[in-house]
1. Please find, among 123, 154, 145, 87, the residue that is within 16 Å of the ligand (Cβ to nearest atom) and either touching a helix residue (DSSP H, G or I) at 6+ places or on another chain (Cβ under 9 Å) or modelled with pLDDT of 95 or more (or both).
2. Restricting the first residue to segment 97-123 and requiring it to be farther than 27 Å from residue 171 by Cβ, which pairs with a second residue that is outside any helix (DSSP H, G or I) and within 16 Å of the ligand (Cβ to nearest atom) meet a Cβ separation below 8 Å and a spacing of at least six or different chains?
3. Grab the helices (runs of 4 or more DSSP H) fully contained in segment 42-159, keeping just those with 3 or more residues being over 19 Å from the mean Cα position of the chain (by Cα).
4. Could you check segment 53-65 and list, in sequence order, the residues that are within 13 Å of the ligand (Cβ to nearest atom) and either within 22 Å of residue 14 (Cα to Cα) or touching a helix residue (DSSP H, G or I) at 6+ places or on another chain (Cβ under 8 Å) (or both)?
5. How about segment 165-184: which of its residues are more than 16 Å from the ligand (Cβ to nearest atom) and over 18 Å from residue 219 (Cα atoms)?
6. Name the one entry in 155, 135, 104 that is surrounded by 14 or more Cβ atoms within 10 Å (Cβ to Cβ) and in contact with a strand residue (DSSP E or B) (Cβ under 8 Å, 6 or more places away or on another chain).
7. Just checking, does segment 188-209 include any residue being in contact (Cβ under 8 Å) with a residue 24 or more places away in the chain, over 23 Å from residue 68 (Cβ atoms), touching a strand residue (DSSP E or B) at 6+ places or on another chain (Cβ under 6 Å) and near the ligand (Cβ under 10 Å from one of its atoms)?
8. Tell me which of these residue 17 doesn't satisfy, since it passes every other one: (1) surrounded by fewer than 18 Cβ atoms within 10 Å (Cβ to Cβ); (2) at pLDDT 95 or above; (3) more than 16 Å from the ligand (Cβ to nearest atom).
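The values are calculated or read from the model by the stated rules, or taken from the named source; none is laboratory data. Bear in mind the structure is a predicted one, so any value in this text is a computation, not a measurement. Here Cβ is always computed from backbone atoms with ideal geometry, including for glycine, and neighbour counts include all displayed protein chains.
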Ligand SMILES: *Cc1c(COP(=O)(O)O)cnc(C)c1O
């Protein structure tokens with residue numbers, strides 16, 4: 001392990017600071033801090049930094065690019081890690097996700113869900129699924145619209161190689177804290193509506209480095225944190 005790597009230097013301190021920020025937000029919301037799991041978003045981050053994060057107590061990792069992730073999984077096969085796919089999901093990438101990941105957060109159409117179900121290997125537990133919802137209207141394109149959510153949840157619930165767990169959202173970035181709260185409250189309301197309709201979802205995947213306190217206040221159970229743990233990423237190619 002290269003102790004001098006800038007990603008690894010200070011990593012356990014940054015991880016601890018994120019844990020404290022999540023715990024503080026939870027206490028302020030009157031929630032048990034243990035109800036919120038931190039996913040360290042390790043896209044573009046080398047395997048040795050993931051290994052260092054694991055040594056500092058982190059077990060859940062989020063990746064956006066299936067092939068990049070698979071190479072790191074191979075390098076880290078000796079560690080008991082939980083892998084979350086959080087990136088945009090094209091049809092030609094579903095097999096790798098179905099075969100290698102534990103969770104997928106970005107299912108937003110039936111065709112993708114059906115492919116994941118067909119491709120999930122029999123020897124593995126069901127793939128844990130969150131449906132990505134678009135709560136920012138026209139400003140973002142990915143995610144199922146709130147009006148189509150119940151139908152998609154119905155499809156996913158009937159696929160037995162998938163286990164529907166909840167909702168994921170990526171609201172538009174904003175410094176406006178009250179807008180952050182409104183967006184995350186919308187996600188919470190959509191999950192409540194699903195539960196009222198008999199779909200037993202227990203997971204809200206929402207909140208990133210810059211808005212995790214608002215997300216925790218509105219009920220997040222999984223927060224996806226990249227830069228606050230690993231530092232700034234190189235600009236996307
Ligand atoms: C990159 C990414 C994150 C992490 O974002 P940070 O701002 O680095 O915390 C979270 N969720 C998704 C879907 C991402 O693509």
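1. 87 is the lone residue from the list that is within 16 Å of the ligand (Cβ to nearest atom) and either touching a helix residue (DSSP H, G or I) at 6+ places or on another chain (Cβ under 9 Å) or modelled with pLDDT of 95 or more (or both).
2. As it stands, the answer is 100/83, since those pairs meet every condition given.
3. The qualifying helices (runs of 4 or more DSSP H) are 47-55, 66-75, 110-119, 149-157.
4. Initial filter on segment 53-65 (within 13 Å of the ligand (Cβ to nearest atom)): 60-65.
60, 61, 62, 63, 64, listed by residue number.
5. 176
6. Values: 155 fails: in contact with a strand residue (DSSP E or B) (Cβ under 8 Å, 6 or more places away or on another chain); 135 fails: in contact with a strand residue (DSSP E or B) (Cβ under 8 Å, 6 or more places away or on another chain).
Within the list 155, 135, 104, the selection yields 104.
7. There is no residue in segment 188-209 that is in contact (Cβ under 8 Å) with a residue 24 or more places away in the chain, over 23 Å from residue 68 (Cβ atoms), touching a strand residue (DSSP E or B) at 6+ places or on another chain (Cβ under 6 Å) and near the ligand (Cβ under 10 Å from one of its atoms).
8. For residue 17, the exception is condition (3).
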